[in-house]
Structures are given as structure tokens and as C-alpha cells.
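Below is one structure; the comments refer to it alone.
The values are calculated or read from the model by the stated rules, or taken from the named source; none is laboratory data. None of the values given here were measured: they were computed from a predicted structure. As a convention, Cβ positions derive from the backbone with ideal geometry for all residues, glycine included, and neighbour counts pool all protein chains shown. Surface accessibility is based on the protein's heavy atoms, side chains included, excluding ligands, DNA and RNA. Shrake-Rupley method; radii C 1.70, N 1.55, O 1.52, S 1.80 Å.
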Amino acid sequence: MDSYDDTGTREARPATGPGPRTGVGIASLSLPYQVVAAVALAGAGVFALVHLAMVFLHVAPSNTLTKQHGAVVDDWIYPEFEQNWKLFAPNPLQQNNAVQVRAEVAAADGSRRTTGWIDLTAQDTEAVRGSLLPSHTEQNELRRAWDFYLNTHTEDHRAQGLRGRLSESYVRRIVMLRLDEQRLDGAVKRIQLRTTVRAVPAPSWSTEKTSTDPVHREYPWWKVTAADLPGGAKDVRTEAAR
């Protein structure tokens, strides 16, 4: 039924029936299309998660999953999704490395003795363990000095240029600072370093068999000079200036 306003003009009544949809995105679609869109999005999400997992396993270091399902990962990756980079560089440590020293000590009566092996790395580990604010020296001084030495020497212990000789001096001074705290009851005449390497044991749920027996490598004896002693570098410079 039409209605009239105060002036007697007839007003048109709005037509009845379903109006346009006011939703946004999928909600604006009819129910069948909403179902199709939801299934498509779910499928795309599953594909993305599977792809990310496969790429992660492909670039990750060797582990139990890649050993058991390496063929499946390779079939997924190659050739379309091949990666020529590694996620972890360098790989997580799989060995525990320790630097140890023993010294030839001259007593006051002129006799000489050789100490047992002193684990310098264990000293650093003990100082760091339980400390809320471990020092940079305790964490890195010895470790980086030894890496410096290894990277500047050949397999037969020959120094490579000036950096190799500098690394030797640096390591000797660090070692002598540590031995100065040991109270060895005599003057240190020579020192010898060695490394002890132990593989990190496999986790209990892994079927991998790993030997944790220590592997030792001994280095040549070094004669201790005045420059290697605590404060020795200053003494040597003083003597040279005279």
C-alpha cells in the first residue's frame, strides 16, 4: 500500500526481497563458493608448511630425520627447489675441545720435574658455569687464541708468516698467565700444549653410535722466554731501549 506525505504526494514503498550481500571477502560469496575458497586456502596453507619443513630439513645439518627420510626430502627439493646455501654456518659443534698444558719446572736446588696435564679449558668452563655475568675473557680469550694459532700454522706446526709467530706469542703469554696462578714451586722453563677432543654423545632417542673416547694431539715443547712471562713484554722493551 502506498503512503502519502503532508502535501498529499504519494511516496513509493521500497521493493521487498533479498538485497545485495554486505559481507567482506569470503563472507560475501554464496555458501558453495565459501566452501570451495576455504578448502583452497587450507590446501595452500598445508602446502606452505610442508614446503618450509622440507626446505628446513634440506639445509639443516645431518640429523636423525634427514638420515631416515633423506630420499623423501631430496625428491621434494630437486630440481625445482634446490638450495645452494646452508642454514647453519658453521655447523653446530659436535665435539668438545679442550686445551691442556704441562710444564717443565726448575726447582731451587736445580732439579727439574714435569707437571701433569693442566686443563685450561676446564678452568674457563668452571668459571663460567653458574655465573650470571661471565666475563668475555673467561668465555673467549683462550678459545679464540687457540683458533688463531691453528689457522696460522701448518699440520706440522710451522708458523705461516708474521701472524703465525704472533699467534704463538699470544698463546704462550696466556698459558704463562694461567701457570703463574698455579704456584708450581719453581721457574717454568718449557711448556707443552695438547688438545683433547671428545665427540658429543648421541641423544638417548637416537640409534646413532658415537664413540666418546678422548683423542689427544700433542704439540712441540716451547722454551719459555722473558717475553712470555707476566709483565715480560714490558721488561723486554725496557732492555731493548737500553
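So Ala127 fits all but one of (1) closer than 27 Å to Ala226 by Cβ; (2) open to solvent by less than 80 Å² (accessible area, probe 1.4 Å); (3) of a type in the set (A, V, I, L, M); what number is the exception?
Of (1) closer than 27 Å to Ala226 by Cβ; (2) open to solvent by less than 80 Å² (accessible area, probe 1.4 Å); (3) of a type in the set (A, V, I, L, M), only one is false for Ala127: (1).
What pairs come out if I take residues in segment 220-242 that are on the phi < 0 side of the Ramachandran plot and modelled with pLDDT of 50 or more and pair them with residues that are small (Gly, Ala, Ser) and open to solvent by less than 40 Å² (accessible area, probe 1.4 Å) whose C-beta lies under 8 Å away, six or more apart or interchain?
Thr225/Gly232; Ala226/Gly232; Ala227/Ala233
To keep it simple, each residue is scored yes or no on (1) at pLDDT 85 or above; (2) of a type in the set (Lys, Arg); (3) under 47 Å from the mean Cα position of the chain (by Cα); (4) over 22 Å from Thr207 (Cα atoms).
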residue: Asp5; (1), (2), (3), (4): no, no, no, yes
residue: Glu11; (1), (2), (3), (4): no, no, no, yes
residue: Thr16; (1), (2), (3), (4): no, no, no, yes
residue: Val24; (1), (2), (3), (4): no, no, no, yes
residue: Ser30; (1), (2), (3), (4): no, no, no, yes
residue: Ala44; (1), (2), (3), (4): yes, no, yes, yes
residue: His51; (1), (2), (3), (4): yes, no, yes, yes
residue: Asn63; (1), (2), (3), (4): no, no, yes, no
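Can you confirm whether segment 65-78 contains a residue that is within 21 Å of the chain's Cα centre (by Cα) and modelled with pLDDT under 85?
Checked against the condition, which is being within 21 Å of the chain's Cα centre (by Cα) and modelled with pLDDT under 85, segment 65-78 yields at least one hit.
Just a yes or no: is a residue in segment 190-205 over 22 Å from Asn96 (Cα atoms) and open to solvent by 30 Å² or more (accessible area, probe 1.4 Å)?
Yes, some residue in segment 190-205 is over 22 Å from Asn96 (Cα atoms) and open to solvent by 30 Å² or more (accessible area, probe 1.4 Å).
Give all pairs with beta carbons closer than 6 Å in which a residue from segment 163-180 that is in a helix (DSSP H, G or I) meets a residue that is charged (D, E, K, R) and open to solvent by less than 30 Å² (accessible area, probe 1.4 Å); count only pairs at least 6 apart in sequence or on separate chains.
Correct list of pairs: Arg172/Asp228; Arg173/Asp228; Met176/Asp228.
Restricting attention to segment 169-219, which residues are farther than 20 Å from Thr114 by Cα and small (Gly, Ala, Ser)?
The answer is Ser169, Ala199, Ala202, Ser204, Ser206, Ser211.
Which number in (1) open to solvent by less than 60 Å² (accessible area, probe 1.4 Å); (2) modelled with pLDDT of 85 or more; (3) in a helix (DSSP H, G or I); (4) not aromatic (Phe, Trp, Tyr) marks the one condition that Gln34 misses?
For Gln34, the failing item is (2).
Run down Glu141, Glu181, Glu155, Glu168 and say which single residue is closer than 21 Å to Leu120 by Cα and open to solvent by 90 Å² or more (accessible area, probe 1.4 Å).
Glu181
Which residue out of Asn151, Asn96, Asn140, Asn84 is closer than 23 Å to Pro220 by Cα and at pLDDT below 90?
After ruling out the rest, the residue left standing is Asn96.
Open to solvent by 60 Å² or more (accessible area, probe 1.4 Å), basic (Lys, Arg), modelled with pLDDT of 85 or more and assigned to a strand (DSSP E or B), is that true of Arg217?
yes
Could you list, in sequence order, the residues of segment 94-133 that are assigned to a helix (DSSP H, G or I), in contact (Cβ under 8 Å) with a residue 40 or more places away in the chain and of a type outside the set (S, T, N, Q)?
Across segment 94-133, the qualifying residue is only Leu120.
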